[in-house]
Amino acid sequence: MNKLFAIALLLSVSLNSLAQTATIKGKVFDGSTKEPLIGVNIVLDNKTGTTTDVNGKYSMVLKPGDYKITYKYIGYSPEVDEITIHDGDVHNMDIFLKVEIHTINEIVVSAGKFEQKLSDVTVSLEVIKPARIESMNTTNLDDAINHIPGVDISGEQPSIRGGSGYSYGAGSRVLVLVDDLPLLSPASGDPKWDFLPVENISQIEVLKGASSALFGSSALNGVINVRTAFPENYPVTKVSTSTGIYMQPERQELIWNKNSPKLFTSFLFLHSRKIGNLDLVIGMQLLSDAGYRANEFEKHGRVNTNLRYRFKKIEGLSVGMNINYMYFDKMDFFLWHSADSAYNQNPSALSDVEGTRINVDPYISFYSKNGHKFNLRSRYYHEDYTNLFDAGKNSFADLYYGDFQYQKFILDNLNLTAGTTVQYAEVKANLFGNHYSSNIAFYSQCDKKIKKFSISAGLRAEYSQVDSTQTVSQFNLKYKNKNIEFPFFPVARLGVNYQAAEYTFIRASYGQGYRFPSIAEMYTTTSIGGLNIFPNNTLKPELGESVELGVKQGVKISNWSGYFDVAGFYTRYQNMMEYTFGIYKPTNRRFPKFPDDCGFKSINIGNAEITGVDITLAGEGKLFSFPATLLVGYTYTNPYDLNGNNDTTKSTSANILKYRYYHSAKGDMEVAFHKLVVGFSFVYISNMINIDKAFEDSIPYVYPAVYILPGLKEYRIAHNKGAWVWDARISYEATDKMKLSLVTKNIFNKEYMGRPGDVRPPRNVSLQFSFRF
């Protein structure tokens with residue numbers, strides 16, 4: 001009986017203790033859009049807690065007592081509730097979080113492949129919003145990106161903080177991503193700006209500095225991540241059409257089309273909506289640009305769709321597919337006829353190319369209730385080019401890419417990321433034959449918050465191969481008297497961010513970079529208007545490292561908020577690849593043949609270092625009761641060629657890398673006066689010190705003298721003094737759905753040059769009509 005009594009007593013106590021519980025549950029929403037928020041951190045007494053699921057739901061079973069509950073989500077003001085719960089209570093608490101209106105707290109993804117505040121990242125990062133892209137009447141995204149401080153795009157090739165020069169459309173030290181997936185040409189390894197979905201942009205994030213640890217080869221100099229938008233709660237349809245005209249250049253010698261003004265037109269369409277659990281986005285662009293130079297034009301049509309389905313019965317599971325297709329017909333301008341005929345093209349350089357591009361991106365994502373996230377993203381990319389003047393320049397390429405990523409969020413102070421990527425490409429080109437490339441990588445990163453410190457550390461091991469050339473093994477093990485090689489190259493990064501005051505953040509970072517040469521750099525053989533390009537299948541990969549120390553200071557004036565950012569940086573390259581002019585005699589010929597053996601080849605020029613400072617002021621809000629946005633920045637770079645004393649291919653004796661500037665400045669400001677919006681933007685670049693001396697001199701040992709770019713030396717003496725280029729825009733919002741804009745670019749009709757022989761557009765004016773319903 002005593003045993004039975006004891007057992008009964010224990011059962012009674014156990015049941016009584018089990019009964020002494022209560023439940024808190026509910027959903028967390030965006031206070032403005034009423035959208036459920038996924039992954040909100042709900043912390044009890046700053047100790048334990050939970051997170052919301054894919055539908056914004058949360059639930060906690062607690063013992064009776066007094067609790068302080070904190071709801072935290074990146075980009076939103078925290079909400080704190082104090083509650084007393086009793087035995088058996090069920091509290092239904094729906095929370096509506098307010099967006100934190102402060103530019104310094106914008107949400108970004110690119111720094112660590114997860115959402116975090118701009119103020120918390122450990123590297124320099126700039127953001128472009130879609131409103132700015134639209135207001136500038138942007139048809140190709142390189143135009144908008146070129147207005148970011150510290151970023152320069154010359155001849156369609158991007159450079160961040162002087163990291164790149166001009167390499168004839170082959171290779172890139174800046175990785176361009178669309179929704180975290182790389183979008184570089186399989187053959188040439190360069191971005192195709194007109195293929196990017198300008199009509200559907202959530203925001204563009206530009207990461208400055210070596211980023212190979214997370215993003216791999218081609219992120220040696222930084223990353224440009226174009227993030228597309230998902231549908232909102234209500235269906236949205238946007239239409240934008242514009243027509244413009246190129247005005248006559250100021251210098252009379254450049255005028256070539258007195259009686260036939262050149263026009264450009266663009267049509268953009270976007271429709272997005274939710275259909276049950278299906279997210280649907282459809283976009284389109286049509287462009288016709290007659291060009292401002294003779295024998296230059298571009299026509300293309302592009303359609304894209306983004307699909308995402310969220311499963312109802314399996315919470316946290318979603319699948320999707322993004323598709324982008326484009327047809328184009330264009331004639332690029334490559335070499336001028338002469339300096340006084342700079343808008344007329346060298347007839348032997350004419351190249352009319354038509355072709356198609358398509359990418360298909362299936363993906364699957366799963367977000368578990370306990371904070372585990374799995375992402376499998378893939379891409380098939382195809383491009384083909386048909387040269388209507390020269391079939392010897394036709395090419396076809398296919399690329400297959402896959403990325404599997406795992407993330408674990410532990411409350412709001414620790415994020416673990418690990419993944420692997422696989423890439424394979426096949427290229428069939430008459431320029432350089434049939435080749436293939438492959439890439440395999442493993443990466444991991446840990447981001448930890450410790451009080452006022454945010455610490456980030458990452459590591460990547462990467463293997464690359466082009467035909468039989470592959471990554472040189474960095475690890476060798478001996479097993480049974482045999483050497484076992486692991487041909488993976490390791491790159492690492494480390495960063496720390498310290499919050500010194502409420503809106504003061506000090507950061508320091510170190511990153512390594514690694515870039516394998518592209519197929520085009522190794523194998524291209526061609527000639528354009530006397531300009532010969534030679535292959536080099538002995539190229540070695542570039543190595544780099546980047547160090548940065550920066551301060552980001554939040555600024556708030558009445559209802560206007562922003563930040564002031566200053567960063568000093570140091571970048572060093574080894575085995576730097578640059579196209580270099582020389583006499584490249586085939587091995588089967590005893591003596592060189594002129595001019596056939598004169599031209600450019602990508603070679604490892606040696607070592608270089610770049611030091612400088614980057615200053616940015618950005619913000620948005622209201623100034624004197626008028627809504628305003630501002631982005632202005634200045635960058636000083638000293639791109640020092642450590643082997644410069646031995647380089648006779650440069651146009652001067654200065655030890656500065658070719659196609660770089662010491663100073664650049666960018667700015668954009670927009671102010672709304674009720675229904676009238678006025679904006680100005682500018683780009684300043686100082687004079688380009690060094691170019692290839694071969695562009696100024698005649699081809700050696702050829703008589704009579706033959707020049708690749710006739711008159712360039714005299715032109716640079718007269719015009720290479722730096723340039724300020726100003727744009728202006730004014731728009732009238734007739735209703736909240738209809739807007740009419742007048743956009744003028746190069747308003748002072750400044751004559752300036754990008755790469756040698758590429759004199760940029762004169763003043764041009766366009767009228768844009770936008771409608772949203």
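The values are calculated or read from the model by the stated rules, or taken from the named source; none is laboratory data. Just so you know, these numbers come straight off a predicted model, no measurement behind them. As a convention, Cβ positions derive from the backbone with ideal geometry for all residues, glycine included, and neighbour counts pool all protein chains shown. These accessible areas exclude ligands, DNA and RNA; they are computed on the full protein's heavy atoms, side chains included. Shrake-Rupley method; radii C 1.70, N 1.55, O 1.52, S 1.80 Å.
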Among Tyr579, Tyr584, Tyr563, Tyr573, which is the only one that is in contact with an Asp or Glu (Cβ under 7 Å, 6 or more places away or on another chain), hydroxyl-bearing (Ser, Thr, Tyr) and open to solvent by less than 40 Å² (accessible area, probe 1.4 Å)?
Tyr573
Mind telling me which of the residues Tyr424, Tyr380 ends up being free of Cβ contacts under 8 Å to residues at least 24 places away in the same chain and farther than 30 Å from Phe264 by Cα?
Tyr380
Give me the pairs: first residue in the range 86-106 and of a type outside the set (A, V, I, L, M, F, W, C), second residue modelled with pLDDT of 85 or more and in a loop (DSSP other than H, G, I, E, B), beta-carbon distance under 6 Å, and six or more apart or on different chains, which are they?
His86/Pro64; Asp87/Pro64
Looking at Ser348, is it farther than 30 Å from Phe374 by Cβ, of a type in the set (Ser, Thr, Tyr) and open to solvent by 50 Å² or more (accessible area, probe 1.4 Å)?
yes
Starting from residues that are in a strand (DSSP E or B) and among the polar types (S, T, N, Q), keep the ones in the range 471-485 and report whichever is most open to solvent (accessible area, probe 1.4 Å).
Asn483
Of everything in the range 555-588 that's basic (Lys, Arg) and assigned to a strand (DSSP E or B), which residue is farthest from Val123 (Cα to Cα)?
Lys556
What's the total number of residues in the range 337-377 that are touching a residue at least 40 places away in the same chain (Cβ under 8 Å), assigned to a strand (DSSP E or B) and more than 26 Å from Leu184 (Cβ to Cβ)?
9
Hey, does the range 621-639 have a residue that's assigned to a strand (DSSP E or B), within 29 Å of the chain's Cα centre (by Cα), on the phi > 0 side of the Ramachandran plot and small (Gly, Ala, Ser)?
yes
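Can you tell me which of Ala391, Ala290, Ala294, Ala339 is in contact with a Leu (Cβ under 6 Å, 6 or more places away or on another chain) and small (Gly, Ala, Ser)? Reasoning before the result, please.
Working: Ala391 fails: in contact with a Leu (Cβ under 6 Å, 6 or more places away or on another chain); Ala294 fails: in contact with a Leu (Cβ under 6 Å, 6 or more places away or on another chain); Ala339 fails: in contact with a Leu (Cβ under 6 Å, 6 or more places away or on another chain).
After applying the criteria, what remains is Ala290.
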Hits in the range 279-317 (condition: within 20 Å of Lys57 (Cα to Cα) and surrounded by fewer than 18 Cβ atoms within 10 Å (Cβ to Cβ))
Tyr309, Phe311, Lys312, Lys313, Ile314, Glu315, Leu317
Could you grab the pairs with beta carbons closer than 7 Å, sequence gap of 6+ or different chains, first residue in the range 18-43 and more than 24 Å from Asn233 (Cβ to Cβ), second one of a type in the set (D, E, K, R) and open to solvent by less than 60 Å² (accessible area, probe 1.4 Å)?
Ala22/Asp89
Applying the selection to the range 521-556, what residues are open to solvent by less than 20 Å² (accessible area, probe 1.4 Å), in contact with a Gly (Cβ under 9 Å, 6 or more places away or on another chain) and farther than 13 Å from Met577 by Cα?
Leu531, Ile533, Ser546, Glu548, Gly550, Gly554
Taking Lys449, is it touching a residue at least 24 places away in the same chain (Cβ under 8 Å), farther than 30 Å from Phe594 by Cα, basic (Lys, Arg) and open to solvent by 20 Å² or more (accessible area, probe 1.4 Å)?
yes
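Against the definition (within 22 Å of Gln157 (Cβ to Cβ), under 28 Å from the mean Cα position of the chain (by Cα) and touching a residue at least 40 places away in the same chain (Cβ under 8 Å)), how does Arg755 come out, yes or no?
Considered against the rule, which asks whether it is within 22 Å of Gln157 (Cβ to Cβ), under 28 Å from the mean Cα position of the chain (by Cα) and touching a residue at least 40 places away in the same chain (Cβ under 8 Å), Arg755 comes out as yes.
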Would you pick out the residues in the range 138-190 that are open to solvent by less than 10 Å² (accessible area, probe 1.4 Å), among the aliphatic types (A, V, I, L, M) and closer than 26 Å to Asp668 by Cβ?
Leu141, Ala144, Ile145, Ile148, Val151, Ile160, Val174, Leu175, Val176, Leu177
Unmet criterion (only one of (1) open to solvent by 30 Å² or more (accessible area, probe 1.4 Å); (2) part of a strand (DSSP E or B); (3) closer than 30 Å to Lys713 by Cβ) for Asp329
(3)
Subset of the range 403-430, residues more than 30 Å from Ala187 (Cβ to Cβ), open to solvent by 50 Å² or more (accessible area, probe 1.4 Å), among the aliphatic types (A, V, I, L, M) and modelled with pLDDT of 90 or more, comes to Leu416
Just to be sure before I move on: is Tyr363 open to solvent by less than 50 Å² (accessible area, probe 1.4 Å), at pLDDT below 95 and under 31 Å from the mean Cα position of the chain (by Cα) in the structure I sent?
no
If we keep only residues of the range 280-306 that are farther than 19 Å from Leu196 by Cβ and not in a loop (DSSP other than H, G, I, E, B), then the residue modelled with the highest pLDDT is Leu280
Hey, does the range 106-128 have a residue that's in a loop (DSSP other than H, G, I, E, B), modelled with pLDDT of 85 or more and either open to solvent by 50 Å² or more (accessible area, probe 1.4 Å) or of a type in the set (Lys, Arg) (or both)?
no
So which residues in the range 125-147 are within 13 Å of the chain's Cα centre (by Cα) and of a type in the set (Gly, Ala, Ser), if there are any at all?
Ala144
Restricting to the range 307-329, give me the number of residues that are more than 20 Å from Glu354 (Cβ to Cβ), of a type in the set (A, V, I, L, M, F, W, C) and modelled with pLDDT of 95 or more.
4
Name the single residue, out of those in the range 431-446 being surrounded by fewer than 17 Cβ atoms within 10 Å (Cβ to Cβ) and under 17 Å from Gly189 (Cα atoms), that is nearest to the chain's Cα centre (by Cα).
Ser438
Looking at the range 20-97, what strands (runs of 3 or more DSSP E) fall wholly within it and have at least 3 residues that are open to solvent by 30 Å² or more (accessible area, probe 1.4 Å)?
22-30, 48-51, 57-62, 65-72, 79-85, 90-92
